[in-house]
Amino acid sequence: MALGYKTRKRLSLLILIFGLPAYIAAGWWLMSLFERPSIWVEFAIYVGLGILWALPFKAVFKGVGQADNNGDKDGKH
């Protein structure tokens, strides 16, 4: 099922406003459960988590910043 432009735009805003801060807090909390690793290991973990969160949402974010090709020409909805 393909999501429409408006749906993807709204869903991407919800993910960025609520999902990303919750993901950051969960990662921060998870890291606090263990003894602090070296700075390079910690950096690698945070970079990996930063990339990992976006992979499932790639289809949602794709093309959201561009004008709607299937809708109005002026970009208003």
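A26 meets each of the listed conditions (1) modelled with pLDDT under 90; (2) within 17 Å of the chain's Cα centre (by Cα) apart from (1). Among residues of segment 4-45 being β-branched (V, I, T) and closer than 21 Å to P56 by Cα, the one that is surrounded by the most Cβ atoms within 10 Å (Cβ to Cβ) is I15.
The values are calculated or read from the model by the stated rules, or taken from the named source; none is laboratory data. No experiment lies behind these values; they were computed from the predicted model shown. Note that we place each Cβ from the backbone using ideal geometry, even for glycine, and neighbour counts take in every protein chain shown.
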